[in-house]
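Beneath this line is the structure, given in structure tokens, with notes to follow.
The values are calculated or read from the model by the stated rules, or taken from the named source; none is laboratory data. If you're wondering where the values come from, they're calculated on a predicted model, not measured in any experiment. Note that each Cβ is placed from the backbone with ideal geometry, even for glycine, and that neighbours are counted across all protein chains shown.
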Amino acid sequence: MLTISRQAGTGGEVKKEPEDFIVKEITSKGITLELGKRYTGEGLGEPAPTEGKFTTFVLEKRNWDTVRAMLEIAKRTGRGRKSISYAGVKDRRSVSVQLACIYGIEPSSAEAVQIKDISINGAWKSDGIGLGSNLGNGFEITVRNVSRAGNIQGVIEELDGLFPNYFDRQRFGYRLNNFKIGMALLNNNPEEAVMIFLTDSSNETDPEATEARKRLKEEMDFQKALEYFPRHLRFERTMIDHLARYRNFANAVREIQRGIAIMFIHAVEDAVFNIALEDRVKDHDFDSDLHCGRNFYGFPNIEDLHAGKDGGFPAGALIGYETKDEHISEYEKEILERFGITKESFKIRSMPELSMRGSFRQLLSPFKDFSYSVAGEDAELKFSIPSGSYATIFLNEITKADELDLNSVVS
């Protein structure tokens, strides 16, 4: 994806070790959580202890993704997947600290959990927390083997506090085929969507999975596929099991969690947004008739959306079937035409539960509290960004080392 800064990047490697990528959640009250520190609800400005049915706790983890860590904690406390919630998802290859909660357990049960590389730094009764309730995240990132550390200051001055608010590669799946699957669903072709999900091996990195996908594509024997599909491909095996019995492709999609299936539709929304934003970066055109205001922390408040060109941050549409025509820019119109879809395509007749109404996202995201130091060939960067924005996108402005080619996502 095209960067705003034109200066050459530093190069280098990110996430060589989990400790190279430290993530510290900024709570809804503007408090940045610190590693190794114990907290109370009162100390974080939470409401006084209640008879709430949730226990909120501070989760610190190393080399665990948030969902997997929470599922393991839930299992150890006798709860299930539906009992967990958290404000934000943190990368696996990191050391992170964040708020999370589980329904139906006591604080003492959470604090008693002992799992390698996971610690619970305080727990209390609450009424729960929701996804996106955090303000943002603070980062301490070490970039190894940089070759042009002297360019950091110039890039930061060029950005002037803002970077393009692209969605990063994880939104498109590790095989970069979420967009293709989403397009098939928008075109009311669940069979094509399922077969891409099951058999596309173009970006598969696991040799066993590659062989299994190719074999199923050739043989189309779902019953037989249950014998050789790798066990770790849980969603694929769930679909295959359904197809072996019923051969109903729409219902095979329904067999996996809606939160997973909806990501395929989000991938189309996100691709339209990213390509339109890249075109804007190319033209250096961030003009919009919609702006969102700032919250008390200085970060965007997308709920405070207003017409006009003054104040706050320019916003763009994440297109859905309820998006107003006047909110679709010429950039998005051209991309929708290229893909052969309209806003009405997001009202999916064959699977209405995956339909998307549409929403908005700021085109440019702020960063604050930036500082850096250089030791030998390594650079340590510290900064904070809003919830929903990606540190890796900001980092790429500096390093120019991890550019995602959008053509590889939509081709």
Note to self: Kindly evaluate Thr323 against the criterion of being out of contact with any Leu (no Cβ under 6 Å at 6 or more places or on another chain), closer than 15 Å to Phe163 by Cα and of a type in the set (Ser, Thr, Tyr).
What the structure shows: no
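Here's the yes/no breakdown for (1) more than 26 Å from Tyr174 (Cα to Cα); (2) out of contact with any helix residue (DSSP H, G or I) (no Cβ under 8 Å at 6 or more places or on another chain); (3) in the same structural domain as Gly30 (by TED's automatic domain parsing):
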position	(1), (2), (3)
Thr66	no, yes, yes
Ile73	no, no, yes
Tyr103	yes, no, yes
Ile120	yes, no, yes
Gly128	yes, yes, yes
Check: free of Cβ contacts under 8 Å to residues at least 40 places away in the same chain and more than 27 Å from Ser408 (Cβ to Cβ), is that true of Gly298?
Finding: no
Notebook entry, point to check: What are the residues in segment 245-260 that are outside any loop (DSSP other than H, G, I, E, B), in contact with a helix residue (DSSP H, G or I) (Cβ under 7 Å, 6 or more places away or on another chain) and either within 18 Å of Asn177 (Cβ to Cβ) or not small (Gly, Ala, Ser) (or both), if any?
Noted result: Phe249, Asn251, Ala252, Val253, Arg258, Ile260
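So which residues in segment 149-182 are assigned to a loop (DSSP other than H, G, I, E, B) and free of Cβ contacts under 8 Å to residues at least 12 places away in the same chain?
Listed by number, the list holds a single entry, Asp160.
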Item checked: Unmet requirement for Tyr166, which otherwise passes all of (1) surrounded by fewer than 22 Cβ atoms within 10 Å (Cβ to Cβ); (2) closer than 30 Å to Ser5 by Cβ -> (1)
Note to self: Taking the criterion of being part of a helix (DSSP H, G or I) and either over 30 Å from Thr323 (Cα atoms) or free of Cβ contacts under 8 Å to residues at least 12 places away in the same chain (or both), would at least one residue in segment 268-286 satisfy it?
What the structure shows: yes
Item checked: Residues of segment 37-75 satisfying the condition of being assigned to a loop (DSSP other than H, G, I, E, B) and among the hydrophobic types (A, V, I, L, M, F, W, C) -> Leu44, Ala48, Trp64
Notebook entry, point to check: Taking segment 190-208, which residues are out of contact with any helix residue (DSSP H, G or I) (no Cβ under 6 Å at 6 or more places or on another chain) and not aliphatic (A, V, I, L, M)?
Noted result: Asp200, Ser202, Asn203, Thr205, Asp206, Pro207, Glu208
Item checked: Residue that is surrounded by the most Cβ atoms within 10 Å (Cβ to Cβ) [pool: residues in segment 183-240 that are small (Gly, Ala, Ser) and in a helix (DSSP H, G or I)] -> Ala193
Item checked: When residues of segment 350-406 are limited to those that are in a strand (DSSP E or B), of a type in the set (A, V, I, L, M) and within 29 Å of Ile265 (Cα to Cα), the one farthest from the chain's Cα centre (by Cα) -> Leu364
Next item on the list: Scan segment 95-118 for residues that are touching a Lys or Arg at 6+ places or on another chain (Cβ under 9 Å) and in contact (Cβ under 8 Å) with a residue 60 or more places away in the chain and jot them down.
Entry: Val95, Ser96, Val97, Gln98
Next item on the list: Go through (1) out of contact with any Leu (no Cβ under 9 Å at 6 or more places or on another chain); (2) modelled with pLDDT of 95 or more and name the single condition Gln257 misses.
Entry: (2)
Margin query: On the basis of being on the phi > 0 side of the Ramachandran plot and in contact (Cβ under 8 Å) with a residue 12 or more places away in the chain, does Gly311 make the cut?
Written below: yes
Notebook entry, point to check: Among the residues of segment 12-21, is there at least one that is touching a residue at least 40 places away in the same chain (Cβ under 8 Å), over 14 Å from Lys90 (Cβ atoms), of a type in the set (A, V, I, L, M) and assigned to a loop (DSSP other than H, G, I, E, B)?
Noted result: yes
Notebook entry, point to check: Going through segment 133-148 one residue at a time, which ones are part of a strand (DSSP E or B) and either within 21 Å of Gly88 (Cα to Cα) or small (Gly, Ala, Ser) (or both)?
Noted result: Gly136, Asn137, Gly138, Phe139, Glu140, Ile141
